[in-house]
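The values are calculated or read from the model by the stated rules, or taken from the named source; none is laboratory data. Computed from a prediction, not measured in an experiment: that's the story for all the values here. We place every Cβ from the backbone using ideal geometry, glycine too, and count neighbours over all the protein chains shown. Protein only, heavy atoms only, side chains kept; ligands, DNA and RNA dropped before computing areas. Shrake-Rupley method; radii C 1.70, N 1.55, O 1.52, S 1.80 Å.
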Protein chains: 4
Amino acid sequence: MKPDSNILPAPLRGIIPPMVTPLLDRDTLDVAGLERLIEHILAGSVHGLFILGTTGEAPSLSHLLRSELIERVCRQVAGRVPILVGITDTSFVESVNIACKAADSGAQAVVLAPPYYFPAGQAELLEYLRHLTPELPLPLFLYNMPSYTKLVFEPETVVAAAEIAGVVGIKDSSANIVYFHRLQALLKKRPDFTLLIGPEELLAETILLGGHGGVCGGANLLPQLYVDLYNAACSRDLQTVERLHKKVMDISTTVYSVGRYESSFLKGLKCSLSCLGICNDFLAEPFHRFRSAERSAISQHLQNLGILQDN
Amino acid sequence: MKPDSNILPAPLRGIIPPMVTPLLDRDTLDVAGLERLIEHILAGSVHGLFILGTTGEAPSLSHLLRSELIERVCRQVAGRVPILVGITDTSFVESVNIACKAADSGAQAVVLAPPYYFPAGQAELLEYLRHLTPELPLPLFLYNMPSYTKLVFEPETVVAAAEIAGVVGIKDSSANIVYFHRLQALLKKRPDFTLLIGPEELLAETILLGGHGGVCGGANLLPQLYVDLYNAACSRDLQTVERLHKKVMDISTTVYSVGRYESSFLKGLKCSLSCLGICNDFLAEPFHRFRSAERSAISQHLQNLGILQDN
Amino acid sequence: MKPDSNILPAPLRGIIPPMVTPLLDRDTLDVAGLERLIEHILAGSVHGLFILGTTGEAPSLSHLLRSELIERVCRQVAGRVPILVGITDTSFVESVNIACKAADSGAQAVVLAPPYYFPAGQAELLEYLRHLTPELPLPLFLYNMPSYTKLVFEPETVVAAAEIAGVVGIKDSSANIVYFHRLQALLKKRPDFTLLIGPEELLAETILLGGHGGVCGGANLLPQLYVDLYNAACSRDLQTVERLHKKVMDISTTVYSVGRYESSFLKGLKCSLSCLGICNDFLAEPFHRFRSAERSAISQHLQNLGILQDN
Amino acid sequence: MKPDSNILPAPLRGIIPPMVTPLLDRDTLDVAGLERLIEHILAGSVHGLFILGTTGEAPSLSHLLRSELIERVCRQVAGRVPILVGITDTSFVESVNIACKAADSGAQAVVLAPPYYFPAGQAELLEYLRHLTPELPLPLFLYNMPSYTKLVFEPETVVAAAEIAGVVGIKDSSANIVYFHRLQALLKKRPDFTLLIGPEELLAETILLGGHGGVCGGANLLPQLYVDLYNAACSRDLQTVERLHKKVMDISTTVYSVGRYESSFLKGLKCSLSCLGICNDFLAEPFHRFRSAERSAISQHLQNLGILQDN
């Protein structure tokens, strides 16, 4: 059943944070931390919530834990904002299973990156979407994430997929904004098709040049900052945009740049949330939380940025 | 509980076919085909059976179907050869779940490629193995498959992993035999540590130069051919080795080379089994079975090779 | 016309087109076409000219032809705008040779991508720059072009390189604007260090968010368009920016998107210049000019865009 | 000594060492070292000599130095073995220039990897060969080196290229021996077409399974070892093959495995030649010679292997 159309705007605009998944250990939710985190994010006036994405470590979590998370988040958010649920999986059947759970729990949409073990061609990928979408009980956002899936939704594939009933938008995390601008140009006759940007470093320009919103990981930490930047860009207040974009970049070049590159974003983000007392910083394998040296560096960065009070 | 050591030799030698998973549709086993396929393979005097690997399309299958497959295969094989079960998953917890199912069903070992969504570093990969192995009820073979997982088990990581209790061998599907020879050289003081080669095109030389065995996909189709080649290489009968290696290459350059490259091996193999009446050729998404033009090409190749009778 | 061509502004701001190299055949300049092209570009009020870059097919040209091109361009431009000369080569010595030729001919700066055969590490790359820069008679711009060189100038390497006397800026053609924004943030205390963007699709946002200029291939064709967009972005005229950015994207999704992807930009650009009667469309190996079907498509696109008159 | 150096056997069989280029600095040959090195290699009864390949650092050398090297090597070898000269370059014209120099100096053949800056498609690559080969004054060997050129000669491209007059063989340095075996199978009706393997770790199996020879970098150091292994494999003396293959692997896992991976082979090889007093260990940029810690490690390895006497 399709959700109430009032709940999921077309296009979906604004800041939709990709929520981290607070964990006590590899298979146990940090329930208290989760509750605090949800309220912390919603207090920032965000426009939606995306769970079980890359920032949510979905591929590292058991299916049972994913189910529990969907239930808890939907119950607590209780319709205050639309909830998008990641259903990316190498198995078609498991993707449908998660989507059904999401619909049953009251979520508004699902989000799917390409299956990421077998290297599908673009024709196979499009056929995959044509088979999958009718099986889904909720509208579908595509999720372009080539650095992790090693497979891009080529622009022509997105244009063709946008014709499938139920495919309502795309979140692009490629960081290749030429790609994003091409999507905008190719889909200019589809103003209802949502175009969201992943990397928060690109939020300012995305909104200034006609994109609809951002899935900003940093909005776990400072939701209001990204909402303010979004609003400033919408109202063409360039001076504020420049000031807030600079803040975003200051976070990016400090908090996300401690330790090894590939996972430093995720580790830095969870570590920061722990420093602020919001939730646990446990990371599921193959990663692990920052040890004390990196934690000190993060803490220092947060103090320098005025996010954490000196103690 | 560790299995009877008589059942899993150290090292494990010989031909251990990576079984395809016969399917009626994306979530239904072809049970009759599965039974025929198992007997067809075992009739070839193979030395083991590897299920739920890449050739078995494991990442594309639901967890329920994987469970059913493990049960059925273990019941039917009934100790005639050791069974190795693939437990590769992006989720640590799900890998353990599959391993427990394998042990409960009577399998002899499990096989694990690196988690393949998040890009772990080698130190993280080794830590992953150190955390995972104690949770596993069966001995573990590593599975080097960089073209699909995008992450190699570096030789130094394998050497360190070989020190972990329960890690008993590696299957290398990289096709980079410099890598394989380096493993052999670095592990020469560990004659009990099993070194298996993936690509069947490399079986002859692997055995001639001291490797222990091969996980040959073609042994789904012609198990005796690969067993004969293995035996000839073991007994240093170079004339027979050359003759059978040539047959292996003839299959590789015809049956596996129809249609698109990346998935042509899997499609050609399942199509051939269907042409021979052994099992259904359905492939789980993101792939699909060969259409009629490619099926005709496969059928013609099988006739030319004397595998299929002209009709 | 600039008052003193010897002065290279710090930072260098504006539109610096990467000039295509007009050819009659693989080793002969289209001299008349070259003269027309230079005047066509300069008539667009550009702020510099970059020759022997990727768009200039430098790696495909003989060293003699590169020398002749440098001479002819410097003589004809005659100080009207600064000239930047690409010296990228796998051989240190040959890079220095081209730089000396550039200085002797009156160019203002040189541009260097990493050597692209042997895979240098970042430390080796930095050492390379430390050895090379003192041998160069002109200021050096780095050139980040990972899709072709397979080697990125990591942000930390750029920050360190910016400390070397003679290194005055970077041109980033990665299309990864997170990278570009990180450079901006890390170099915020070096307002003299030039930050130029390669892909013209990113010109609008680059200038809006503090970048200095663009090396826009399309400015071979429509120099005034990119200069106007640059000026609009500098003066914060967002309405004009949006209108012109849309034109840039219309060119990108039509003229650059005919035929095979990887080389379609270069082929489409040279073909367009030929359609407009400016210069020959011969491409040096490994590429070749568009055949008639693609040429018709380009011609049609140019008419639709109002660049070419219907005939 | 060969009776007639003008005759290039078809196929070319045996050990053809890819000679390192002894350097005093980045643009000066170590002439005395070069003379010693040539005699050292020829004393090992090798079957040819390949200069200006990857091991010869050709892409890092100036064109003048390459010319001087060709002249000196041809003069000194004086027909004792066939000389193959690398002409790989991103510029078609420069490749022809080097080939002409090689012919004038008395070399027997040239060797070409794909142009490695612009990403050519397979059709473009084949057209490139069709244009280039008629311009070459000497027979041409293809050179498959995807890790550095990022472009593979696909098997179908090799089969088509083998039909071009003047294309006489291929050297495969991919380390993917499935690829090599496929070439053998596809070219089985062309017994005159030479198939050489690059990585010396694969020499044993290549010869056992019908390949023609090896371009073994280690033969700069120990030419007789690789010639002995080649001869043992030709005469099907498996016991000797196993013993010598083990020596080859011992060198590979020690001398080539010091320091950073990508360039450790080249650095270890030049360092070893310097330890033995044969030639200077200077490496052209972007690399540099091993510093003292790594040199000590190399020296220790050479002593352990019995190549260098304890002092």
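Miscellaneous remarks
- Positions within the range D:255-285 being modelled with pLDDT under 95 and hydroxyl-bearing (Ser, Thr, Tyr), in sequence order: D:TYR256, D:SER257, D:TYR261, D:SER263, D:SER264
- Among the candidates D:GLU262, D:GLU201, residue that is farther than 24 Å from B:ASP237 by Cβ, touching a Ser or Thr at 6+ places or on another chain (Cβ under 9 Å) and surrounded by fewer than 21 Cβ atoms within 10 Å (Cβ to Cβ): D:GLU262
- Residues of the range B:158-188 that turn out to be out of contact with any strand residue (DSSP E or B) (no Cβ under 9 Å at 6 or more places or on another chain) and touching a residue at least 12 places away in the same chain (Cβ under 8 Å), as a count: 6
- Subset tally (residues that are in a helix (DSSP H, G or I) and not basic (Lys, Arg)) for the range D:60-83: 13
- Just one of the listed residues (A:HIS288, A:HIS301) is part of a helix (DSSP H, G or I) and of a type outside the set (S, T, N, Q), namely A:HIS301.
- Any hit, the range A:278-285, residues being assigned to a loop (DSSP other than H, G, I, E, B), within 14 Å of chain B (Cβ to nearest Cβ), among the small types (Gly, Ala, Ser) and on the phi < 0 side of the Ramachandran plot: yes
- Within the range C:5-41, the only residue that satisfies the criterion of being assigned to a helix (DSSP H, G or I) and either under 20 Å from C:HIS212 (Cβ atoms) or in contact with a Ser or Thr (Cβ under 6 Å, 6 or more places away or on another chain) (or both) is C:ILE41.
- Enumeration of residues in the range B:115-126 that are at the interface with chain A (Cβ under 7 Å from one of its Cβ atoms) and either over 22 Å from the mean Cα position of the chain (by Cα) or assigned to a helix (DSSP H, G or I) (or both): B:PHE118, B:PRO119, B:ALA120, B:GLY121, B:GLU124, B:LEU125
- Given (1) within 13 Å of another protein chain (Cβ to nearest Cβ); (2) buried (at least 21 other Cβ atoms within 10 Å of the Cβ), index of the condition C:LEU140 fails: (1)
- Looking across the range C:156-183, the residues that are at the interface with chain A (Cβ under 7 Å from one of its Cβ atoms) and open to solvent by 10 Å² or more (accessible area, probe 1.4 Å) come down to C:ALA175, C:ASN176, C:VAL178, C:ARG182.
- Filter pass, A:LEU208 being open to solvent by less than 10 Å² (accessible area, probe 1.4 Å), within 14 Å of chain C (Cβ to nearest Cβ) and within 30 Å of A:GLU163 (Cα to Cα): yes
- Residue under evaluation A:GLY213, criteria (1) in contact with a His (Cβ under 9 Å, 6 or more places away or on another chain); (2) without any contact (Cβ under 8 Å) to a residue 60 or more places away in the chain, criterion not met: (2)
- Hits in the range A:284-310 - residues which are under 26 Å from B:PRO114 (Cα atoms) and either open to solvent by 40 Å² or more (accessible area, probe 1.4 Å) or in contact with a Ser or Thr (Cβ under 8 Å, 6 or more places away or on another chain) (or both): A:ALA284, A:GLU285, A:PRO286, A:PHE287, A:HIS288, A:ARG289, A:ARG291, A:GLU294
- Residues of the range A:278-311 that turn out to be out of contact with any helix residue (DSSP H, G or I) (no Cβ under 8 Å at 6 or more places or on another chain) and under 20 Å from A:ASP25 (Cα atoms), as a count: 2
- Only one of D:VAL241, D:VAL227, D:VAL255 that is facing another protein chain (nearest Cβ under 10 Å) and either over 21 Å from the mean Cα position of the chain (by Cα) or not hydroxyl-bearing (Ser, Thr, Tyr) (or both): D:VAL241
- Residue match in the range C:86-105 (condition: closer than 23 Å to C:GLU200 by Cβ, within 14 Å of chain D (Cβ to nearest Cβ), open to solvent by 10 Å² or more (accessible area, probe 1.4 Å) and part of a loop (DSSP other than H, G, I, E, B)): yes
- Here B:LEU132 passes the criteria (1) of a type in the set (A, V, I, L, M, F, W, C); (2) assigned to a loop (DSSP other than H, G, I, E, B); (3) within 8 Å of another protein chain (Cβ to nearest Cβ) except the one numbered (2).
- Candidate set: the range C:108-120, residues that are buried (at least 24 other Cβ atoms within 10 Å of the Cβ) and among the small types (Gly, Ala, Ser); chosen: the one nearest to C:ILE38 (Cα to Cα): C:ALA109
- Exactly one residue out of D:PRO199, D:PRO191 is farther than 24 Å from B:GLU156 by Cα and either touching a residue at least 24 places away in the same chain (Cβ under 8 Å) or in contact with a helix residue (DSSP H, G or I) (Cβ under 7 Å, 6 or more places away or on another chain) (or both): that is D:PRO191.
- Failed criterion for A:PHE50 (all others in (1) more than 26 Å from B:ASN97 (Cα to Cα); (2) surrounded by fewer than 22 Cβ atoms within 10 Å (Cβ to Cβ) hold): (2)
- Residue match in the range C:231-250 (condition: under 30 Å from A:VAL159 (Cβ atoms) and touching a strand residue (DSSP E or B) at 6+ places or on another chain (Cβ under 8 Å)): no
- For the range C:49-62, filtered to residues that are under 12 Å from the mean Cα position of the chain (by Cα) and touching a residue at least 60 places away in the same chain (Cβ under 8 Å), the residue that is nearest to C:PRO9 (Cα to Cα) is C:PHE50.
- Failed condition for B:GLN224, given (1) open to solvent by 10 Å² or more (accessible area, probe 1.4 Å); (2) part of a strand (DSSP E or B): (2)
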